[in-house]
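Let me begin by presenting the structure, written as structure tokens, before commenting on it.
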Amino acid sequence: MLHVAAGDLGQSMGNPGSAKVRGLMGQVIPKIRSGNISVGAGGNSPADSAGVAEFIKLGANFITVSSQGLLRLAGEDFRKRVEAAL
């Protein structure tokens, strides 16, 4: 099992920006899976559902996301539902 973490990968690349890091992740995930190795993709924002879905489509077996980001999204959703009910 390998975990490809965006932050660690970006740092090792000299912090070129998220587009280049995600691009490289998009290349290595299928290569890792082709070797019949489980692979995860980390450093994902829960607000980026399309990006997470893309990694899953490329073969990621698991995804890690920010727990703080999940709480923020849930809090925003809850606030909107309460406001709509008022």
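What follows is calculated from the coordinates using simple rules that are stated; it is not laboratory data. All values reported here derive from a predicted model rather than from experimental measurement. We place every Cβ from the backbone using ideal geometry, glycine too, and count neighbours over all the protein chains shown.
For this structure, a couple of remarks:
- At R0 = 25 Å, FRET efficiency that the Cβ-Cβ distance of residue 19 and residue 73 yields, to 0.05: 0.65
- Length-normalised contact order of the range 2-85 in % [C-alpha pairs under 8 Å, at least 6 apart]: 27
- Under the span-like rule (Cα at least 20 Å along the axis, Kyte-Doolittle mean at least 0.0), DSSP H helices of the chain: 18-34
- Spatial extent of the range 2-85: Rg and Dmax, with the Cα atoms as the point set, Å: 15.1, 52
- Distance (nanometres) between label positions extended 7 Å along Cα→Cβ at residue 57 and residue 27: 2.0
- Note on the chain: helix-only mean residue ellipticity at 222 nm, from DSSP H runs of 4+ residues weighted -39500 (n - 2.57) and normalised by residue number, equals -19000 deg cm²/dmol.
- Around the amide H of residue 43, modelled in the peptide plane, lie the amide H atoms of 6, 64, all under 5 Å away and 5 or more residues distant in sequence or on another chain.
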